[in-house]
Amino acid sequence: MADMRTDFAGVSFKNPVALASGTCGFGRELNEYFDIQKLGGICSKGLIEHPHGGNDGIRIWETPSGIMNSVGLENPGVDAFIENDLDWVNSLDIVNIVNLGGHSIEDYISGVEKLNKVKLDLLELNISCPNVKEGGMNFGVKTEAAREVVRTIRRCCRHKLVVKLSPNAEDITSLAQMCQEEGADGISLTNTFLAMAIDIKKKAPVFNNVYAGLSGPAIKPISLRMVHQVCHAVDIPVMGMGGITTWQDAVEFIMAGAACVQVGTATFMDPRRALDIIAGIEQYMEDNKIACLDEIRGIV
Amino acid sequence: MATVLENRQLSEDFFLLKARAENNVRPGQFYMLRAWDTYPVLSRPISVFDADGETVTFLYKVVGQGTELFSRLEAGQQITLDGPHGNGFPEDIKGKIALVGGGVGIAPLYMTARAYKEKGSRVDLYLGFSGEPLLEKEYGAVADRLEVNVGGFITDYIDPAEYDYIVTCGPEIMMRVLYKKCVDTGTAAPLYVSMENRMACGIGACLVCTCRTAGGNRKVCKDGPVFLGEEVFGVG
């Protein structure tokens with residue numbers, strides 16, 4: 001029997017597959033389709049300290065092999081999440097990753113202070129959302145600007161801290177190394193790629209924000225390259241994501257060095273897609289007599 | 001997976017697809033349909049035209065890559081039906097009811113009209129088309145009165161003051177005009193509107209189909225697609 005257990009910064013995943021932030025809410029809807037405890041983990045919809053209504057206009061647009069989204073961090077706020085959903089997620093046998101974003105450094109700090117008072121397994125710090133004009137990705141593009149955020153949050157955050165990197169960063173490896181220097185427990189990448197669509201009938205951008213975030217299989221080879229680069233640049237564990245749609249994709253990310261993977265857009269193809277990926281990895285391990293994933297992790 | 005029983009072309013770009021699937025669909029609900037593996041990435045939310053316990057029928061218009069793939073399906077082929085989703089139209093209303101549909105928005109009104117009529121309501125159907133009118137005989141059979149307009153504004157034909165309830169599905173501009181007409185005529189009839197925002201997950205997890213309402217953000221796929229007109233259009 002293949003052993004899929006994976007350690008990530010001292011947190012034990014029963015298998016290396018989690019659902020990515022923004023594609024699974026807080027887990028309740030998907031739990032109506034299957035027992036989400038079969039997953040390794042779940043990453044919450046991106047929270048901000050205060051409730052936020054998100055972007056106006058079109059929020060989703062298909063591309064060949066992908067989608068662009070411009071949800072804009074619509075979320076009920078940290079307090080509502082703690083009151084309504086956190087206990088439920090914690091009651092499950094699953095790694096609880098809470099994703100926190102912000103429009104300003106003050107947002108991040110007050111969000112962290114609230115989350116410091118509750119139980120969770122990993123705090124994923126989103127410095128990479130492309131859909132928020134004032135902040136989000138701006139914090140995650142330049143290494144030295146991001147350093148201020150990571151340093152500040154590391155000081156006040158009592159949880160294990162995973163920093164989610166933007167593929168739009170000027171230098172992805174220096175950003176990752178900075179996170180390690182500042183005491184992050186892990187790194188996750190990639191968030192979506194800044195992208196655009198134009199409505200030629202209206203002669204205008206499709207999205208009110210002009211640019212939006214591209215995800216799905218279209219970005220997988222680039223995300224895989226970035227995960228590979230980052231895994232070679234840091235010693236802290238890496239959670240890889242970006243267009244993972246099949247178990248073969250997941251194995252590629254693990255061979256590139258990722259400790260765990262997150263599945264996002266593929267859930268929209270089939271809500272149970274992450275389960276197929278887990279089953280596929282297990283079958284692959286059995287067929288190739290791989291006892292544990294460390295045998296192939298970072299092998300490339 | 002469900003087996004396609006029939007996929008009948010009604011006009012240049014409208015099709016009626018019937019599939020075998022056990023269900024307990026309520027009028028106004030929808031399914032996420034998919035007839036491919038990976039691409040296009042997203043499944044397509046399609047309203048139920050009609051259903052019994054064993055089969056579901058969808059009226060759809062070919063507008064893009066996904067619906068174009070549906071149009072090629074033949075009897076005996078497989079399609080993924082995920083659903084039914086959404087709240088549907090209110091079931092407990094009774095009286096004189098107007099149903100107003102535009103374009104492919106007429107789809108959910110067939111089953112809805114029949115259900116209201118079976119419960120003893122008087123049902124008037126107002127259907128607007130930009131091209132060839134569709135299924136007039138079928139719609140006529142589930143209504144006390146059928147008003148069809150081609151190329152104009154179907155909202156011109158209805159007097160909201162005549163009704164106890166009004167139900168609508170169609171282009172947002174049509175529903176907005178109807179809402180304004182309801183307000184202007186001071187009718188006491190509640191207006192129920194069915195929204196069709198773009199969706200990704202279809203189950204309430206991704207917040208892509210959010211609709212601003214008087215009561216705050218709502219998920220069209222899960223809290224809707226049916227809302228009170230004043231909740232959606234009364235907010236400015």
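Quick note: the coordinates plus some simple rules give every number you see, no bench work behind them. It should be emphasised that the depicted structure is a prediction, and the values quoted were computed from it without experimental measurement. Note: ideal-geometry Cβ built from the backbone for every residue, glycine included; neighbour counts use all protein chains shown.
Tabulated data
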{"quantity": "Whole-Hz couplings from phi, Karplus 6.51/-1.76/1.60, listed for the stretch B:65-71; x for Gly and Pro", "calculated": "5, x, 5, 5, 5, 4, 5"}
{"quantity": "Positive-end extreme of charge dipole, the stretch A:193-300 - chosen from A:Val210, A:Leu293, A:Thr246 (charges on Cβ)", "calculated": "A:Val210"}
{"quantity": "Directionally averaged shadow of the stretch B:31-73, computed from the convex hull of its alpha-carbon atoms, nm²", "calculated": "3.2 nm²"}
{"quantity": "Within the protein assembly as shown, percent of DSSP bridges classed antiparallel, to nearest 5", "calculated": "50 percent"}
{"quantity": "DSSP loop trypsin sites (Lys or Arg not before Pro) with at most 16 other Cβ within 10 Å: longest gap in chain A", "calculated": "A:6-116"}
{"quantity": "Net charge dipole size for the stretch B:2-85 [Lys, Arg +1 and Asp, Glu -1 on Cβ; Debye, nearest 20]", "calculated": "120 debye"}
{"quantity": "Cysteines without a disulfide-compatible partner [chain B; Cβ-Cβ under 4.7 Å]", "calculated": "B:Cys169, B:Cys182, B:Cys209, B:Cys211, B:Cys221"}
{"quantity": "The stretch A:1-131: C-alpha gyration tensor shape, a/c 1.5 cut-off, then a/b vs b/c", "calculated": "oblate"}
{"quantity": "Relative contact order of chain B, pairs being alpha-carbon contacts under 8 Å that are 6 or more residues apart, as %", "calculated": "17 percent"}
{"quantity": "Within a Gaussian network of chain B (alpha carbon springs, distance under 10 Å), most fluctuating of B:Gly102, B:Gly152, B:Gly170", "calculated": "B:Gly152"}
{"quantity": "Long-range tail of P(r) for the protein assembly as shown (Cα pairs > 32 Å, %)", "calculated": "47 percent"}
{"quantity": "For the stretch B:207-218, Karplus couplings with θ = phi - 60° (6.51, -1.76, 1.60), whole Hz, Gly/Pro x", "calculated": "6, 7, 9, 3, 10, 6, 10, 4, x, x, 5, 10"}
{"quantity": "Length released on extending from B:Arg198 to B:Glu6, taking residue separation times 0.36 nm less the Cα-Cα span", "calculated": "66.5 nm"}
{"quantity": "Alpha-carbon spread of the stretch A:248-296, three principal axes, descending order, Å", "calculated": "31, 21, 12"}
{"quantity": "Charge sum, other residues only, whose C-beta stays under 12 Å from A:Gln37's C-beta, Lys/Arg counted +1 and Asp/Glu -1", "calculated": "0"}
{"quantity": "Number of partner chain Cβ atoms within 10 Å, mean per residue of A:65-75", "calculated": "3"}
{"quantity": "Stokes-Einstein D (µm²/s) once Rh is taken as the Kirkwood radius of the stretch B:39-123 over alpha-carbon pairs, at 37 °C in 0.692 mPa s", "calculated": "223 µm²/s"}
{"quantity": "Fraction of antiparallel bridges per DSSP, chain A only, in percent to nearest 5", "calculated": "40 percent"}
{"quantity": "30 Å Cα-Cα reach of A:Lys160 towards lysines, excluding residues that sit fewer than 8 places from it in its own chain", "calculated": "A:Lys14, A:Lys38, A:Lys45, A:Lys114, A:Lys117, A:Lys119, A:Lys133, A:Lys142, A:Lys220"}
{"quantity": "Per-residue average of Cβ from other chains inside 10 Å of B:41-50", "calculated": "3"}
{"quantity": "Given 16 as the ceiling on other Cβ atoms within 10 Å, longest exposed-site-free region of chain B for GluC sites (Glu not before Pro) in DSSP loops", "calculated": "B:92-236"}
{"quantity": "Nearest-20 debye value, the stretch B:98-230 charge dipole, Cβ charges on Lys, Arg, Asp, Glu", "calculated": "540 debye"}
{"quantity": "Overall dimensions of chain A as given by Cα atoms, namely Rg and Dmax in Å", "calculated": "17.9, 57"}
{"quantity": "Neighbour-count order for B:Val235, A:Val98, A:Val206, fewest beta carbons within 10 angstrom listed first", "calculated": "B:Val235, A:Val206, A:Val98"}
{"quantity": "Karplus (6.51, -1.76, 1.60) ³J(HN,Hα), θ = phi - 60°, over the stretch A:204-211, in Hz, Gly and Pro reported as x", "calculated": "8, x, 5, 9, 4, 7, 6, 9"}
{"quantity": "Distance between the stretch A:216-271 and the stretch A:19-84 - C-alpha centres, whole angstrom", "calculated": "19 Å"}
{"quantity": "Debye, to nearest 20: dipole size of the protein assembly as shown, +1 on Lys, Arg Cβ, -1 on Asp, Glu Cβ", "calculated": "460 debye"}
{"quantity": "For the stretch B:96-194: rounded, prolate or oblate by the Cα gyration tensor [a/c cutoff 1.5]", "calculated": "oblate"}
{"quantity": "Shape call, the stretch B:2-85: gyration tensor on alpha carbons, a/c limit 1.5", "calculated": "rounded"}
{"quantity": "Pairwise centroid distance, computed over Cα atoms, of the stretch B:118-146 with the stretch B:170-191, Å", "calculated": "19 Å"}
{"quantity": "Nearest-0.05 FRET efficiency for B:Val183 and B:Trp36, computed from C-beta distance (R0 45 Å)", "calculated": "0.55"}
{"quantity": "DSSP beta bridge pairing in chain B, given as percent antiparallel to the nearest 5", "calculated": "60 percent"}
{"quantity": "5 angstrom amide H check on B:Ala2, placed H, neighbours 5+ away", "calculated": "B:Ile79, B:Thr80, B:Leu81"}
